[in-house]
1. Give all pairs with beta carbons closer than 6 Å in which a residue from the stretch 377-397 that is modelled with pLDDT under 95 meets a residue that is surrounded by fewer than 18 Cβ atoms within 10 Å (Cβ to Cβ); count only pairs at least 6 apart in sequence or on separate chains.
2. Can you tell me how many residues in the stretch 61-106 are within 30 Å of ALA318 (Cα to Cα) and not in a helix (DSSP H, G or I)?
3. Could you tell me whether THR138 is within 30 Å of LYS296 (Cα to Cα) and at pLDDT 75 or above?
4. Mind listing just one residue for me: the one in the stretch 268-285 that is part of a helix (DSSP H, G or I) and charged (D, E, K, R) and, of those, nearest to TRP377 (Cα to Cα)?
5. Looking at the stretch 372-431 only, could you name the residues that are part of a loop (DSSP other than H, G, I, E, B) and polar (S, T, N, Q)?
6. State all residues of the stretch 365-386 that are polar (S, T, N, Q) and surrounded by 13 or more Cβ atoms within 10 Å (Cβ to Cβ); if no residue qualifies, say none.
7. Here is a check on your reading of the model: is ARG299 of a type in the set (Lys, Arg) and crowded, with 20+ Cβ neighbours inside 10 Å?
8. What is the one condition in (1) over 30 Å from LEU227 (Cα atoms); (2) surrounded by fewer than 22 Cβ atoms within 10 Å (Cβ to Cβ) that THR193 does not satisfy?
Amino acid sequence: MCHKIIISIVSSLLCLSGCHSIQKEISPDARTPWIPTCSMTLNHDFLSPRKTLVGKYSLLELIEIGLKFNPQTKHAWWHAKEAFANQGRAEASFFPHVDVSANINREQVGKNASQSTQKIDNWGPAVTLTYKVFQFGTDAAAAKSAAYLLHAANYAFNRQLQTTVFEIQQAFYNFSSAYAKIEARESCLQDATLSFEAVLQRKENGLARIQDVLLAKADKLQAEYELQAAKADLESCRATLATTIGIPIAADFSIETDYLNTETQEPSRDIEDLMQEVLSERADLLANEATLEAKKWSRKATHRGFFPSLSLHAQTNALKYKHNSQWQRNYGLSAGIQWNIFSGFDSQYSELASYTQWKEQKYTLRQQKLEALRQTWTAFYAFQSSIQLSEASKALEEAAQEALKAIRTGYNTGINSLLDLLASQKTLANARLNYIQAKTNVKLNLVQLAYITGQLDLKTPTQFNL
């Protein structure tokens with residue numbers, strides 16, 4: 001009969017624990033691991049790592065590889081999994097704790113007037129159940145805090161995915177720019193070679209001095225030096241791109257280089273709309289808002305810890321005695337209240353610490369929102385300005401090319417001097433590089449605007465809803 005009572009008590013406690021858990025009203029998102037919304041599903045297995053990047057890749061291919069192999073992306077994923085585990089641990093307090101043990105005992109009863117010394121040996125299993133019935137919502141507040149920390153970790157993982165895409169795009173466009181600058185430096189070297197040959201021809205005809213030959217030769221050597229520097233910069237950009245992706249570099253790794261010449265459209269939305277969406281949709285700000293809520297509930301949990309807790313304790317054991325080989329079954333049920341009245345002001349200081357943490361996070365979030373608005377404003381107008389600068393630099397390059405042709409013809413006919421020719425070559429070289437950098441800045445400012453406003457879509461990471 002007694003064991004049936006114990007079983008019914010355990011069943012009732014399990015039902016109560018389930019009801020208590022439901023009353024917390026934690027959303028389903030806080031109970032399940034986060035699943036990325038991008039088409040390149042990122043799971044805990046990942047692909048087996050490649051040794052090096054070999055071959056020619058498009059931007060989308062590199063983004064897909066980077067989302068799978070970038071170490072920071074993996075770190076953010078496992079941080080979200082850790083937050084999920086911590087949220088589950090916080091919910092564990094709503095369920096009863098059951099302990100199973102087995103004991104071997106030896107007792108010795110001392111000698112008295114009517115009985116000699118006696119030894120009693122027994123052994124058997126024991127089951128203990130402890131359930132915290134009521135604690136003024138302390139455990140519920142702690143579970144709420146853990147749930148919001150899980151939300152924050154999920155948002156942080158979202159932002160890390162966007163950060164990885166953004167950094168790969170930056171490194172990709174810089175790599176493309178380095179390729180274009182090598183082509184520009186090769187054109188500059190061709191112009192310097194043509195000028196040097198023209199000076200040699202005039203020297204043979206007695207129309208140029210040795211100083212002119214040396215000056216043209218120095219200009220040609222300078223063009224060769226700048227070409228080699230551009231090639232070294234290309235290798236640096238190659239290594240940066242591979243590191244951003246998360247895979248070691250290889251010498252035969254290359255990219256498609258026609259992205260700088262693709263058409264870029266100006267934003268169709270005004271700055272006010274973008275600034276409003278930054279505050280409501282950017283993942284890192286949402287993560288900090290969730291962290292603020294977590295600290296608020298952590299403060300509540302600390303405050304509610306001042307109140308007593310009511311616990312229910314049930315135990316049963318079975319003992320078998322050696323002297324008579326019979327089983328003895330024991331049962332027990334008790335309820336208790338515990339109230340920590342004084343602990344050296346530890347509770348008071350813990351509450352003060354949780355309050356200050358909540359305040360710190362509140363003003364940190366406010367500063368981050370102000371910084372996000374500043375970044376959005378700056379990036380928006382930087383992108384618009386870069387489009388105008390690209391058009392202006394293109395016109396400047398075309399004008400410099402026509403000027404060099406005219407001055408070279410004038411030099412061959414004796415109208416212009418060598419200094420005019422070399423100055424025109426220098427102007428054209430700068431115009432070429434400025435045009436390449438201007439096209440690069442258009443792409444970089446576009447992806448930066450999309451990243452700052454949180455508009456990076458992982459399904460189509462090269463298209464932005466701006």
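The values are calculated or read from the model by the stated rules, or taken from the named source; none is laboratory data. Treat the numbers as computed from the prediction; the structure is a model and nothing was measured. All Cβ positions, even for glycine, are placed from backbone atoms using ideal geometry, and neighbour counts span all protein chains on display.
1. PHE380/ILE271
2. Keep residues of the stretch 61-106 that are within 30 Å of ALA318 (Cα to Cα), which gives 92-106.
Keeping just the survivors that are not in a helix (DSSP H, G or I) gives 95-106.
Number satisfying all stated conditions: 12.
3. On the way: within 30 Å of LYS296 (Cα to Cα): yes; at pLDDT 75 or above: yes.
Yes, satisfied.
4. To start, the set of residues in the stretch 268-285 that are part of a helix (DSSP H, G or I) comprises 271-281, 283-285.
Then drop every residue that is not charged (D, E, K, R), which leaves 272-273, 277, 281, 284.
Values: GLU272: 9, ASP273: 11, GLU277: 13, GLU281: 16, ASP284: 18 Å.
Once the filter is applied, the top-ranked residue is GLU272.
5. So the first thing to find is which residues in the stretch 372-431 are part of a loop (DSSP other than H, G, I, E, B), and the list is 413-417.
THR413, ASN416, SER417, listed by residue number.
6. Filtering the stretch 365-386 down to residues polar (S, T, N, Q) leaves 367-368, 375-376, 378, 384-386.
GLN368, GLN375, THR376, THR378, GLN384, SER385, SER386 - these are the residues of the stretch 365-386 that are polar (S, T, N, Q) and surrounded by 13 or more Cβ atoms within 10 Å (Cβ to Cβ).
7. Working: of a type in the set (Lys, Arg): yes; crowded, with 20+ Cβ neighbours inside 10 Å: yes.
Against the criterion (of a type in the set (Lys, Arg) and crowded, with 20+ Cβ neighbours inside 10 Å), ARG299 qualifies.
8. Answer for THR193: the failing condition is (1).
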